[in-house]
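Below you'll find the structure, written out as structure tokens, and then a few comments.
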Amino acid sequence: MKILFISEDLLNIKSANYQSDIYQEIQNKNQLQYINAKNINPLHLTKKYTDKFDIIIIGHSFLSDISNNMNINYSLDFSCVKKPIVFFLNKEYVNLSNKLKWIKKVNPKVVVTHSKLFYSKYKSLFHNTQLMYMPFAANEKFFQYSNNHIKNIDFAFSGVLQNQNKNNFQSDMRIKILKNIFYTLGDIPILKKKNFQYMN
């Protein structure tokens with residue numbers, strides 16, 4: 001498919017690598033043209049421009065994820081776009097009411113969420129738009145099991161242990177696991193407990 005992908009600057013992502021990983025996977029299987037949202041102008045959204053694409057994908061950080069901050073993208077007019085729009089909803093616990101208003105105005109064909117809790121709680125609100133739950137995946141090229149390779153790490157966390165935003169839906173399971181393995185000071189591991197001394 002020919003896809004127009006609109007997103008904030010993927011090259012400057014310091015964390016949340018899933019955003020660029022998903023972009024890369026889409027690019028691997030389709031003809032993709034990327035537009036940095038900072039450089040977008042109304043001409044990019046005209047019928048003449050979007051006609052050459054089969055679908056428009058709007059990336060995760062297109063709408064501001066800073067509490068009580070509505071960036072200029074909230075006001076961008078997609079009414080002239082006659083192609084299906086797929087929107088990746090990100091950080092459902094920040095600016096949610098504004099994001100839902102934007103979704104209603106733009107009326108994308110599909111809204112993708114990575115939060116199973118959000119999907120369960122809000123799917124009844126989506127009538128003309130399909131809400132799709134998409135769990136994160138792992139790249140099998142990086143995570144292949146092999147008897148020939150001796151791994152030097154038994155267990156590790158990826159990402160933050162728990163989102164510190166008070167409105168987030170994330171469980172405290174990672175903190176509980178950490179405290180089961182280590183003696184801790186808050187969420188800082190100090191010393192491994194006896195049952196885990198032999199592990200790395």
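Look at (1) outside any helix (DSSP H, G or I); (2) open to solvent by 80 Å² or more (accessible area, probe 1.4 Å); (3) of a type in the set (Gly, Ala, Ser); (4) modelled with pLDDT of 80 or more and you find that Ser124 fails only one, number (1).
One residue alone among Tyr74, Tyr49 is of a type in the set (Ser, Thr, Tyr), assigned to a helix (DSSP H, G or I) and at pLDDT below 85, and that residue is Tyr49. Exactly one residue out of Ile26, Ile35 is surrounded by 13 or more Cβ atoms within 10 Å (Cβ to Cβ), of a type in the set (A, V, I, L, M), modelled with pLDDT of 85 or more and assigned to a helix (DSSP H, G or I): that is Ile26. For the stretch 61-112, filtering for residues that are under 19 Å from Ile35 (Cα atoms), acidic (Asp, Glu) and in contact with a Ser or Thr (Cβ under 6 Å, 6 or more places away or on another chain) leaves 0.
Does at least one position in the stretch 146-157 carry a residue that is closer than 29 Å to Asn68 by Cβ, open to solvent by 70 Å² or more (accessible area, probe 1.4 Å) and not small (Gly, Ala, Ser)? Looking for residues that are closer than 29 Å to Asn68 by Cβ, open to solvent by 70 Å² or more (accessible area, probe 1.4 Å) and not small (Gly, Ala, Ser), one finds none in the stretch 146-157, hence no.
Residue pairs whose Cβ atoms lie under 8 Å apart, separated by 6 or more positions or on different chains, with the first residue in the stretch 118-142 and more than 14 Å from Ile103 (Cβ to Cβ) and the second in a loop (DSSP other than H, G, I, E, B), are Tyr133/His114; Tyr133/Ser115; Met134/His114; Pro135/His114; Phe136/His114. Residue-level check: of (1) charged (D, E, K, R); (2) closer than 30 Å to Pro84 by Cβ; (3) modelled with pLDDT of 90 or more, Glu140 misses just (3).
Exactly one residue among Ile177, Ile190 is β-branched (Val, Ile, Thr), part of a helix (DSSP H, G or I) and at pLDDT 85 or above, and that residue is Ile177. Checking each residue in the stretch 10-22 for being touching a helix residue (DSSP H, G or I) at 6+ places or on another chain (Cβ under 7 Å) and open to solvent by 30 Å² or more (accessible area, probe 1.4 Å) picks out Ile13, Ser20. Residues that are on the phi < 0 side of the Ramachandran plot and at pLDDT 90 or above: does the stretch 143-164 have at least one? Within the stretch 143-164 (the criterion being on the phi < 0 side of the Ramachandran plot and at pLDDT 90 or above), the answer is no, since none of the residues qualifies. Residues in the stretch 87-121 that are of a type in the set (A, V, I, L, M), under 23 Å from Asp54 (Cα atoms) and either part of a loop (DSSP other than H, G, I, E, B) or open to solvent by 40 Å² or more (accessible area, probe 1.4 Å) (or both): Leu89 only. A residue that is closer than 21 Å to Phe136 by Cα, of a type outside the set (Phe, Trp, Tyr), open to solvent by less than 40 Å² (accessible area, probe 1.4 Å) and not in a helix (DSSP H, G or I) occurs somewhere in the stretch 64-71.
Is it fair to say Phe182 is surrounded by 10 or more Cβ atoms within 10 Å (Cβ to Cβ) and either over 27 Å from Glu25 (Cβ atoms) or of a type in the set (Lys, Arg) (or both)? Give the steps one after another, and end with the answer.
On the way: surrounded by 10 or more Cβ atoms within 10 Å (Cβ to Cβ): yes; either over 27 Å from Glu25 (Cβ atoms) or of a type in the set (Lys, Arg) (or both): yes.
When the stated conditions are applied, Phe182 passes them.
Of the residues making up the stretch 1-23, those that are part of a loop (DSSP other than H, G, I, E, B) and farther than 14 Å from Asn90 by Cβ are Met1, Asp9, Lys14.
The values are calculated or read from the model by the stated rules, or taken from the named source; none is laboratory data. Keep in mind it's a predicted model, so treat the numbers as computed, not measured. As a convention, Cβ positions derive from the backbone with ideal geometry for all residues, glycine included, and neighbour counts pool all protein chains shown. Just the protein is used for accessible areas: all its heavy atoms, side chains included, with ligands, DNA and RNA removed. Shrake-Rupley method; radii C 1.70, N 1.55, O 1.52, S 1.80 Å.
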